[in-house]
1. Could you pull the accessible area for residue 187 with a 1.4 Å probe, rounded to 10 Å²?
2. Assuming R0 = 41 Å, can you tell me the calculated FRET efficiency for the pair residue 281 and residue 153, based on Cβ-Cβ distance, to the nearest 0.05?
3. Would you please state which residues of region 263-303 a label at residue 238 would reach in this model, taking the label point 7 Å out along Cα→Cβ and a backbone N cut-off of under 19 Å?
4. From largest accessible area down, sort 192, 139, 85; use a 1.4 Å probe on the protein chains.
5. Which percent of the Cα-Cα distances in region 176-222 go past 12 Å?
6. For the full complex of protein chains and a 1.4 angstrom probe, list 220, 291 by accessible area with the highest value first.
7. Please tell me which of these pairs span more than 31 angstrom C-alpha to C-alpha: 153/197; 172/296; 19/153?
Amino acid sequence: MGILEKIAEIEREIGRTQKNKATEYHLGLLKAKLAKYRLQLLEPSGKSGQKGEGFDVMRSGDARVAMIGFPSVGKSTLLNKLTKTHSVASAYEFTTLTCIPGKIDYHGAQIQLLDLPGIIEGASQGKGRGRQVVAVARTADLVLMVLDATKAKNQRELLERELEAVGIRVNKRRPNVYFKVKTGGGLSINATCKLTKINEKMVYHILHDYRIFNAEVLIREDITVDGFIDVVLGNRKYINCLYCYNKIDSISMEELDAIAREPNTVVVSCEMDLNLEYLVDKMWEHLNLTRGYTKKRGEDPDFDGGLIMRAGATIEHHNPQRVGLAHVVQNEDVVQIVKKK
């Protein structure tokens, strides 16, 4: 039985198992096995693991945004509208067959925008060019999920499921768990809070299933089985995701209002150039970037350029206010560094 067959069998067993207190332990072990097989599928050995043509795109700019979505939702049109790059856009599906990069200039910052081929269901198992698409998405600072406002409401859930299957967690944070593999001493499992979704026995057996017999585990939140498996694997990517619903010119105002009120969501029409500037503003916000300016002593600040930094970056000195080394840089701060004599 191949890996795909094993994955399918475990998924069927999970699906037919009733979820209650008595089956929690059994389901936890099934999920651990499923994650292990998916990891083997995503990291094949030999020639089958090589990157596909057009997907090895050099990183450039201050941040990278990867557009993902089903075929014919308007990703190529959006790339053409937001950048100076030309990506072929047509009414039929699978127009884009490789990864096409573009560049957005935003107030001195350069944001690399990637137009990826459309994802189909089963992409996480290698169908279509799904494995290559999600591999590029893992390198992004932000996932821009492009959706068709005229199509089924479950398209977002389907895409999130494909990303989850390959270890991409969108709009989630890392579990608050300390985990360290050791060379001896057995397993030390402790928790600083009450655990209602996992217990010590389940943690023990999950670690043994991954052949980890010596480790220190300190759980600081009421973590789920899936969350703990993520900690053990250690290769999960936690990426911000902005949901972009295109083709809003083809739906009613009531439908538009309902979609626009969803969290982390922007509604646009590439055909009519509606809300595209606001989309770029929200991309900047979700990238968690900040801009600072430099200033020489006795001169005005230099507002022509700017230093693009991750939110939370710190500096040693900041005038006219003098601060400590851990000062968090705010957007559009002016920084003057003075050397002591």
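The values are calculated or read from the model by the stated rules, or taken from the named source; none is laboratory data. Please read these numbers as outputs of a predicted model, since none were measured by experiment. Note that each Cβ is placed from the backbone with ideal geometry, even for glycine, and that neighbours are counted across all protein chains shown. Surface areas here come from the heavy atoms of the whole protein model, side chains and all, with no ligands, DNA or RNA. Shrake-Rupley method; radii C 1.70, N 1.55, O 1.52, S 1.80 Å.
1. 50 Å²
2. Efficiency at R0 = 41 Å is approximately 0.95.
3. From region 263-303, the list is 264, 286-289.
4. Largest accessible area first, the residues go 192, 139, 85.
5. Cα-Cα pairs of region 176-222 separated by over 12 Å account for 59 percent.
6. 220, 291
7. Beyond 31 Å: 172/296.
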